[in-house]
Amino acid sequence: MASDGVDIRTQGLSKTFGTIEALKNLNIEVKKGSTFGFLGPNGAGKTTTVRILSGLLKPSAGQASVCGYDVNKQRDEIKAITGLLPEAPGLYSKLSAVEFLEFIGALNDISGEVLKNRIDSLLGILGLEGRQNDLLESYSSGMKQKVLVASTILHEPQLVFLDEPTSRLDPAASALVKEMILAMAKETETTFFICTHMTDFAEDVCEIIGILNEGILTTLGTPKDIIKNVEASDLEEAYLKIVGGEVDRESLLSWRQ
Amino acid sequence: MARKWLVIAKTEFLVATSRFHSMRKAVSLLIVAFAMVWALFIAPAIMSAFVDLFAAEIQMILAVAFPGLMRSVMLLLWVLVLIYPISFALQEIRIGQWEIMLSNNVSTRDMLFGTFLGKLPSYGLLVLFMAPVLISPFAIVYQVSLVGQALMYGVLYITALSTLWFSNVISTAIQAKLGESSRGNDIAKALSMVVAAIVIIPMYGIMYFAGPLAEIMGLDVFLVLPSTWGADLITWTAIYFNGIGLSQSTILAFESILLFGPALDFLLVAAFSIVMLGIGFAASDRLFTIQAGARTEVVTTVGRDNLFLRGIRSILSGSFGVLVVSLLKDFGRKAQNLSRLGYGIFLSILLPLIMNFSGLGATVDDPLFVPMMTTLMTGMMLSMLGGIAFGGIGFLDSKDQLWILKGSPNGASKFVRARVASHILFALPIALISTTSVTVILGLDVVVFLAMLVYVYAALCGAILIATGITANNPAYEDIKSSAFMINTGLTIVIIMLSSMFTMIWGILIMISERNIPLGLLVNIVPLLLVGSIVVFIGSKRLSMPDN
């Protein structure tokens, strides 16, 4: 299937869980080598979208193609060329970072010297070289997240889905991941689809941002355009204006009466 | 000021009864009402009928070995009340909840007393159900008056309560020591299995060796156990309030066996209760000390792969070998998995031993009977318990782990294949330990040993296929309280049992009529392996499917 320079294309993509409509009629296009940010409150449908696009979840309606492959029919092809960083870390606590990455490499049919060299390089870049043989059970949540980031890009995917990549990282590690995304997007034409709550991170990294609220894509555009359209000073203010949730200080203290 | 211990106790009760939700009060009342009816009417009636039915035998046993038997029975209750709360508490380390309580200025004494009170309803019910079964045969045979019976139950309850308090103190201390970490949780779960195994010994002892156990328990050395003081006090109560007119010489005979008089036993029971209470309150500040955090806990660094793992890598080259080795490491490094397998080995050895040493093995006059039944029992016991250890909790840690596996092409089916291969490798030493132990203890010959080893190993492999298939079909992760885990465990046991028994009669007939143990065992094992292959195939397919 030809991708026409577009890595993700959805048409009327919807997902229902029983009576709950998690995603309603999503229509987006993400260009190859671009960085797409998906913003929205908790339960907006971001993770559901990622799971459908990465072939883990069946859509209830609509069409979607990822790197030219149909999400309904060619899931294994999609998985082979994409990487997924899930929202919560599902690491093997009794494996070391090296052993876990070997395991992930083997799942993606990479082994031998190529895998070993990649693991060493990635752990070095992420600042884990001194702890690479320690069991993951003793890692902090930030270190676990770094290992997961490494596992996501280990097989050099063409498209990477990142679900809250920096939520557990300290500022330095967050900046490192940010730079890594920008470098990979620019130098290797890797496409990134990033779900996040961090508006400043999205503003810095993403070329196009979609804001999802209650399963509906309410806004789509560059960070600058979004900020300009709602007359906000930055993306956080724009996000609050679009999604709601602007702070009223008086009501915040009403519980004390 | 609100009594904080009461708030904690109420919360513990809400947690314990959470599965009833809105019907909590009605269900609780119903259970208590049934327990009362059971304790006052049903259990005494059943035990009375039982005593009447085997009047001569039971009366003889009770007359001869009353003190020893009462000590055995009380030991079982004591171990149950002591061990089970520890075992359950260790399955869920709750340091996070302690932090909330401590940050809300709750005293550690309130925390200790509140958690103890919170456990009372469930373990109180356990005692309420068990007490009449344990006490009424003695009360019936000795025709103990109502006042005497009330005192017997009173002593039993006081012993049980002080033991529960003691158990609460121990479990709190262990939880604090282990801390809320991945490693601590793993060790705690492993310990919970080890302590649970302790309950088995007095239970099987009473089931199969009532006579010898009563004799052993009559020894003076058991006077150090608090359960013995309670048991002896109950015995004294039954003697003093008996309605069968025990002669002075009989009472004197009891005195020589019991060694301690009723006053000393009473003092010891009371002192144990008070001292335990004192120790608990005095040590509460130390008990609720939150220890290791993420930066301070023990860090385990892994070394180079050992010879065995390197061998597997070279035999199973490529990605599959890496997967198998990774999963062997992941499974083998978890203390809880090893503990569960140890428990399986322990039970698989214990049952044939009991069968032989309790005299059941001698009931059939055929030299083939003991090796045949031992092999079948060891195989079935190990396959059921091994199946749960390999399939249930040893399969996947979390849903997030599953997302990672499913995120790679054919990841789920590759994982299932590698998991099965790693478990089958792991099962070999398990089968070897179990079979060798049984062979050495029972003095079986080499041919029987080899036949048993092959059978037990094949049974374990069949169980691994079944359990892995069932868990892949309905992953339960590490949550042993989830309905998925309960269903999987039940299904695993039922399918393994049915598959093992499907051709068992035929297999036994071949062994007896043809005098051919290997052929009989082969006939026995085929359905288990066949069903296992089908179940794991279905499980693997289902796990690979995208979620709906």
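Structure data summary
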{"item": "Condition broken by A:LEU235, with the remaining ones in (1) without any contact (Cβ under 8 Å) to a residue 12 or more places away in the chain; (2) touching a Pro at 6+ places or on another chain (Cβ under 6 Å) satisfied", "result": "(1)"}
{"item": "Selection from the stretch B:322-354 of residues that are more than 14 Å from chain A (Cβ to nearest Cβ) and basic (Lys, Arg)", "result": "B:ARG340"}
{"item": "Check on B:SER103, in contact with a helix residue (DSSP H, G or I) (Cβ under 7 Å, 6 or more places away or on another chain) and among the polar types (S, T, N, Q)", "result": "no"}
{"item": "Single match in B:ILE257, B:ILE274 (criterion: under 24 Å from B:VAL79 (Cα atoms) and modelled with pLDDT of 85 or more)", "result": "B:ILE274"}
{"item": "Boolean, A:SER34 is hydroxyl-bearing (Ser, Thr, Tyr) and within 10 Å of chain B (Cβ to nearest Cβ)", "result": "no"}
{"item": "Residue check for A:GLY55: more than 30 Å from B:VAL299 (Cβ to Cβ), part of a loop (DSSP other than H, G, I, E, B) and within 8 Å of another protein chain (Cβ to nearest Cβ)", "result": "yes"}
{"item": "Meets criteria (of a type outside the set (S, T, N, Q), within 28 Å of B:PRO409 (Cα to Cα) and buried (at least 20 other Cβ atoms within 10 Å of the Cβ)) for B:ILE495", "result": "no"}
{"item": "Extreme residue, nearest to the chain's Cα centre (by Cα), among residues of the stretch A:79-102 that are part of a loop (DSSP other than H, G, I, E, B) and facing another protein chain (nearest Cβ under 7 Å)", "result": "A:PRO86"}
{"item": "Whichever residue in the stretch B:513-528 is in contact (Cβ under 8 Å) with a residue 24 or more places away in the chain and crowded, with 16+ Cβ neighbours inside 10 Å and, among such residues, is nearest to the chain's Cα centre (by Cα)", "result": "B:LEU528"}
{"item": "Filter pass, B:VAL440 being touching a Leu at 6+ places or on another chain (Cβ under 9 Å) and more than 14 Å from every other protein chain (Cβ to nearest Cβ)", "result": "no"}
{"item": "Considering residues of the stretch A:103-140 that are within 19 Å of the chain's Cα centre (by Cα) and more than 8 Å from chain B (Cβ to nearest Cβ) only, the residue surrounded by the fewest Cβ atoms within 10 Å (Cβ to Cβ)", "result": "A:LEU126"}
{"item": "Residue among B:LEU102, B:LEU156 that alone is closer than 23 Å to B:ALA35 by Cβ, out of contact with any strand residue (DSSP E or B) (no Cβ under 6 Å at 6 or more places or on another chain) and either touching a residue at least 40 places away in the same chain (Cβ under 8 Å) or of a type outside the set (S, T, N, Q) (or both)", "result": "B:LEU156"}
{"item": "Residue check for A:SER167: in contact (Cβ under 8 Å) with a residue 24 or more places away in the chain and assigned to a loop (DSSP other than H, G, I, E, B)", "result": "yes"}
{"item": "The one condition in (1) assigned to a loop (DSSP other than H, G, I, E, B); (2) more than 8 Å from every other protein chain (Cβ to nearest Cβ); (3) of a type in the set (Lys, Arg); (4) touching a residue at least 12 places away in the same chain (Cβ under 8 Å) that A:LYS73 fails to fulfil", "result": "(4)"}
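The values are calculated or read from the model by the stated rules, or taken from the named source; none is laboratory data. Computed from a predicted structure; not experimentally measured. Quick reminder, even Gly has a Cβ in these numbers, built from the backbone with ideal geometry, and neighbours come from all protein chains shown.
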